[in-house]
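The values are calculated or read from the model by the stated rules, or taken from the named source; none is laboratory data. Since we're looking at a predicted model, the values are computed, not measured. Cβ coordinates were reconstructed from backbone atoms using ideal geometry, including for glycine residues, and neighbour counts include every protein chain displayed. Keep in mind that these areas ignore ligands, DNA and RNA; they rest on the heavy atoms of the full protein, side chains included. Shrake-Rupley method; radii C 1.70, N 1.55, O 1.52, S 1.80 Å.
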Amino acid sequence: SLSALRYIYKNSKIRDIKTNESEAIVSFFNFIENMLFHTDTHERNFIAQIPLNKIMSIDKYIIENDKLKDFEDFINDALGCKYNFEVLGSNPLDPIIGIKYKDATIPYQYLASSGMKSLQLFYYWYLIKKDTGLLVIDEFDAFYHHELSVNIIKRLIDMNYQCILTTHNTSVMDNEIMRPDNYFIIQNNNIKSLPELTDTELRKAHNIEKMYRGGYFK
């Protein structure tokens, strides 16, 4: 049950040896240690290596890292809104993000929709794991409308990540978003890309969601 390669990596000075083989092993483990899996549901389960000094509430992490304005811009850009955020609460050990609303400031978690809370989680992981090599998000758009789902996919494409997203939303099956061979269908314990599931030559003009609903991919 013990990985020989991991044992060598953790119990030798291989990280200090400059050879093609040692550099390949170090790169390999850097990739593994920067993997991130998380769910975009209320449970917020995740698998990742996180330094202890980064384990705190999402609000506190954003505030303490001076990212409140950046987070505000992220939410407004994603939703097409003009929210104004500020730090709420007098306890410096447990600050929370507030949304200015008329003459009051309301805690973000009270006013935010499920989609906004999901976006905050997405932003938090972006801050925590900027050097992620492989990002896996289960049900990534569980609380998003169509336009927001597409927005998030395009943001991830622009990032230097290898990404795997799972969804039940067929509306994101679009040649304008990704190539057909980037879409996979999981069924009967098999995972196959769209081109593997049809004899039809897939072209950019094809509506692959309509084809999927019409039973072309079998």
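Out of all the residues in the stretch 177-193, which are open to solvent by 60 Å² or more (accessible area, probe 1.4 Å), part of a strand (DSSP E or B) and not basic (K, R)?
F184, I186, Q187, N190, I191
Can you find a residue that is of a type outside the set (D, E), in contact (Cβ under 8 Å) with a residue 12 or more places away in the chain, in a helix (DSSP H, G or I) and over 30 Å from S27 (Cβ atoms) anywhere in the stretch 122-139?
Among the residues of the stretch 122-139, not one is of a type outside the set (D, E), in contact (Cβ under 8 Å) with a residue 12 or more places away in the chain, in a helix (DSSP H, G or I) and over 30 Å from S27 (Cβ atoms), which makes the answer no.
Just to be sure, is K129 open to solvent by 10 Å² or more (accessible area, probe 1.4 Å) and over 23 Å from E33 (Cα atoms)?
It is false that K129 is open to solvent by 10 Å² or more (accessible area, probe 1.4 Å) and over 23 Å from E33 (Cα atoms).
Please list, ordered by first then second residue, the pairs with beta carbon atoms under 7 Å, 6 or more apart or interchain, first in the stretch 181-192 and among the aliphatic types (A, V, I, L, M), second part of a strand (DSSP E or B).
I185/K192; I191/F184
A quick yes/no check of all residues on (1) in contact with a His (Cβ under 9 Å, 6 or more places away or on another chain); (2) surrounded by 12 or more Cβ atoms within 10 Å (Cβ to Cβ); (3) not in a loop (DSSP other than H, G, I, E, B):
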| site | (1), (2), (3) |
| --- | --- |
| R155 | no, yes, yes |
| N160 | no, no, no |
| I164 | no, yes, yes |
| N175 | yes, yes, no |
| P195 | no, yes, yes |
| L202 | no, yes, no |
| Y212 | no, yes, yes |
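Modelled with pLDDT under 90, within 19 Å of the chain's Cα centre (by Cα) and over 16 Å from Y126 (Cβ atoms): which single residue out of F31, F46 fits that description?
Being modelled with pLDDT under 90, within 19 Å of the chain's Cα centre (by Cα) and over 16 Å from Y126 (Cβ atoms) holds for just one of F31, F46, which is F31.
Of H206, H145, which residue is under 20 Å from the mean Cα position of the chain (by Cα), more than 25 Å from M35 (Cα to Cα) and surrounded by 13 or more Cβ atoms within 10 Å (Cβ to Cβ)?
Answer to the check: H145.
Would you mind listing the strands (runs of 3 or more DSSP E) fully within the stretch 1-107 where at least 1 residues are open to solvent by 70 Å² or more (accessible area, probe 1.4 Å)?
Ranges flagged: 85-88, 96-101.
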